[in-house]
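Engineer: Quick one: the structure is below, questions incoming.
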Amino acid sequence: MARVPYLEKSDLAEADQDLLNRPIWLFKALVNSPKAARAFAGLGGYIRYGSKLDPRLREMAILQVGWLTRSPYEWSHHIKLGHDFGVSDADVQALIDESAGKPTGLEGLARTVLQAAREMTEHGAMTEPTFATLQAALGNEQVIDLTLTIGFYNAVVRVLATLQIDVEPEYMPYLQKFPLPA
């Protein structure tokens, strides 16, 4: 159970009701501080709608963060969102296998994106070889967007864990299909 109440649009000032246009439980908790929720939504919105980074690669990086941090909310939500942006079930299984050090059929750029997410999540930064490979493949703008995406979602999973945000019932099938390790 969440540590703060899940608010509804009717609980908010009229000027802040747009913050719940996507009424997921994370947002319903964050709107306990509308200005913080708006700032959070601004960066999240840029990552999803403003970045030039390939959406499939973006979702793969986010999923890697969710997997490594054992975040049921992030993992389940981004399996669903990943499907919307071109991530297949085979990609999800490949991510799980890559995380375990098993060989996969993922293309090289996707493997490097996952490596970058693992390095930033587990060690706080990408190694020089990983960064250089991504910079050569993506260019400066997209490597910045990828770095920001990984960093932001490492923050998101910590917010989710601290606030103890529940997974909505409609996302539970994704956890059942691809369960997180114990």
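The values are calculated or read from the model by the stated rules, or taken from the named source; none is laboratory data. What you are looking at is a predicted structure, and each value in this text was computed from that prediction instead of being measured. Cβ atoms come from the backbone with ideal geometry, glycine included; neighbour counts cover every protein chain shown.
Engineer: Please identify the pairs in which a residue from region 134-154 that is of a type outside the set (A, V, I, L, M, F, W, C) has its Cβ atom under 6 Å from the Cβ atom of a residue that is surrounded by fewer than 15 Cβ atoms within 10 Å (Cβ to Cβ), counting only partners at least 6 apart or on another chain.
Structural biologist: Q142/K52
Engineer: Among the residues of region 86-97, write down those that are under 17 Å from the mean Cα position of the chain (by Cα), surrounded by fewer than 17 Cβ atoms within 10 Å (Cβ to Cβ) and either of a type in the set (G, A, S) or not in a helix (DSSP H, G or I) (or both).
Structural biologist: Hits for region 86-97 are G86, S88.
Engineer: What number of residues in region 95-133 are of a type in the set (S, T, Y) and in contact with a Ser or Thr (Cβ under 8 Å, 6 or more places away or on another chain)? Lay out the reasoning, then the answer.
Structural biologist: At the first step, the residues of region 95-133 found to be of a type in the set (S, T, Y) are 99, 104, 112, 121, 127, 130, 133.
Cutting the leftovers down to in contact with a Ser or Thr (Cβ under 8 Å, 6 or more places away or on another chain) gives us 112, 121, 130, 133.
Total satisfying the criteria: 4.
Here's the yes/no breakdown for (1) in contact with a Leu (Cβ under 9 Å, 6 or more places away or on another chain); (2) exposed (fewer than 12 other Cβ atoms within 10 Å of the Cβ); (3) at pLDDT 95 or above:
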| residue | (1), (2), (3) |
| --- | --- |
| Y6 | no, no, yes |
| L12 | yes, no, yes |
| N21 | no, yes, yes |
| P34 | yes, no, yes |
| A39 | no, no, yes |
| G44 | no, no, yes |
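Engineer: Mind listing just one residue for me: the one in region 108-133 that is free of Cβ contacts under 8 Å to residues at least 12 places away in the same chain and among the acidic types (D, E) and, of those, surrounded by the fewest Cβ atoms within 10 Å (Cβ to Cβ)?
Structural biologist: Of region 108-133, the ones free of Cβ contacts under 8 Å to residues at least 12 places away in the same chain are 108, 119, 123-125, 127-129, 132.
Subset that is among the acidic types (D, E): 119, 128.
On the way: E119: 17, E128: 8.
Looking at the filtered set, the residue picked out is E128.
Engineer: Another question, then. Please specify each residue of region 161-182 satisfying the condition of being loosely packed, with under 14 Cβ neighbours inside 10 Å and either touching a residue at least 12 places away in the same chain (Cβ under 8 Å) or not charged (D, E, K, R) (or both). Give the steps one after another, and end with the answer.
Structural biologist: So the first thing to find is which residues in region 161-182 are loosely packed, with under 14 Cβ neighbours inside 10 Å, and the list is 162, 164, 169-170, 172-173, 176-177, 179, 181-182.
Listed by number, the residues that qualify are T162, Q164, P169, M172, P173, Q176, K177, P179, P181, A182.
Engineer: For residues in region 1-34 being out of contact with any helix residue (DSSP H, G or I) (no Cβ under 7 Å at 6 or more places or on another chain) and in contact (Cβ under 8 Å) with a residue 60 or more places away in the chain, which is farthest from Q164 (Cα to Cα)?
Structural biologist: Among residues in region 1-34 that are out of contact with any helix residue (DSSP H, G or I) (no Cβ under 7 Å at 6 or more places or on another chain) and in contact (Cβ under 8 Å) with a residue 60 or more places away in the chain, the one farthest from Q164 (Cα to Cα) is I24.
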